[in-house]
Amino acid sequence: MLDRGMGCSHGKIILMGEHSVVYGYSAIALPLLGIEAICRIQPASQVLTFDFEDSLSTAIFAALSSLNQLEAKISFKVASKVPQKRGMGSSAAVSIAAIRAVYAYFEESLSEETLEQLVHQAEKIAHSNPSGLDAKTCLSDTPIKFSRDTGFDRLEVALDAYLVIADSGIQGHTREAVNKVARFEETNRPHLVTLGRLAEQAEAAIQLHQSREVGRLMNLAHKELMAIGVSLPFVDELVQEARVAGALGAKMSGGGLGGCVIALAANLEDARVIREKLFEKGAQQIWIEKV
Ligand code: MEV
């Protein structure tokens, strides 16, 4: 056992296919390697108590329990740049960092498979019925195409464009949004099918480096996400503002009912103009990623 254990991970953003991915359709997501979450474990005078309504606490419990170390006297600290409840993978990133930190502390090797199983336990608290997309993207260093049934493939994204990621400042509610979609599954099914199809088309457009087409598909996806009731009026306003400011396309991203908007810009200059307009409109934090 070391006198310290540390684990890291990073955030993510979903380009296409949120919600429909829960129903087996494919999705495309990008890791945000520069937006990190770090967890540190150190010795303490008491054993931990756990809150099973909290995904981080559940992740630590799952990791300690898998190592038969529930009686270990430790404490943990998390430093995360991934904003919470914004559809940027905060719960998955923090859980991955924590599980890695626990294993590092006990000098145990951690397979990708075990890590995914443990994260899944924690993500069930955050998401109720997690597809596994968030965890997989927070574990990946490249964009991925993901399907619940067939797993994931690395995806080369070279659109020579920029993704503007804007935090609406409104906390998202993934768990509630996933449950809301499930409650009206029958009515929502055609929209979920379309969202899945749009993600497939976006993959084809990405492979052909057609950024304009990806933007068009993002616009269509946002319409479907509105139809299943996971967007909010202010999020729709930000999406509209990004389009008026010159985005090739824009949509909400992640679980929704708040959270982030993403807009595709043809070049860095356009991305900066979109950023400016979204800040003026009330976005809280904005990141620009080359895609
Ligand atoms: C949440 O980031 C993405 C959802 O599709 C849920 C999931 O995939 O588990 C809404």
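Any read-out appearing in this document is the output of simple, stated calculations on the displayed coordinates, not a laboratory observation. In this text, all values refer to a predicted model and were calculated from it rather than measured experimentally. Glycine also receives a Cβ, built like all others from the backbone with ideal geometry; neighbour counts cover every protein chain displayed.
Quick rundown of the values:
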{"quantity": "Kyte-Doolittle mean at least -1.0, axial Cα span of 30 Å or more - DSSP H helices of the chain", "calculated": "185-207"}
{"quantity": "Surrounding net charge for CYS138, when Lys and Arg each add one and Asp and Glu each subtract one, Cβ distance under 12 Å", "calculated": "-2"}
{"quantity": "GNM result for the chain, Cα springs below 10 Å: residue of LEU248, LEU15, LEU48 fluctuating most strongly", "calculated": "LEU48"}
{"quantity": "Long pairs among LYS223/LYS277; LYS12/LYS77; LYS180/LYS281; LYS77/LYS136; LYS136/LYS277; LYS77/LYS180, criterion Cα-Cα beyond 30 Å", "calculated": "LYS136/LYS277; LYS77/LYS180"}
{"quantity": "Listed residues ALA205, LEU264, ALA221: farthest to the positive end of the dipole of segment 134-275 (Cβ charges)", "calculated": "ALA221"}
{"quantity": "Prolate/oblate/rounded call for segment 144-209, Cα gyration tensor, a/c under 1.5 rounded", "calculated": "oblate"}
{"quantity": "Gaussian network model of the chain, springs between alpha carbon atoms under 10 Å - residue of GLU276, GLU107, GLU176 with greatest fluctuation", "calculated": "GLU107"}
{"quantity": "Residue with peak Gaussian network fluctuation, the chain [Cα springs, cutoff 10 Å], from MET226, MET252, MET88", "calculated": "MET226"}
{"quantity": "Signed unit charges on C-beta, dipole axis of the chain, positive-most listed residue MET16, GLN69, GLY246", "calculated": "GLY246"}
{"quantity": "³J(HN,Hα), Karplus 6.51/-1.76/1.60, whole Hz, each residue of segment 131-142, x for Gly, Pro", "calculated": "6, x, 4, 4, 4, 5, 6, 6, 9, 9, 9, 9"}
{"quantity": "Dipole magnitude of the chain, debye to nearest 20 (Cβ charges: Lys/Arg +1, Asp/Glu -1, about Cα centre)", "calculated": "440 debye"}
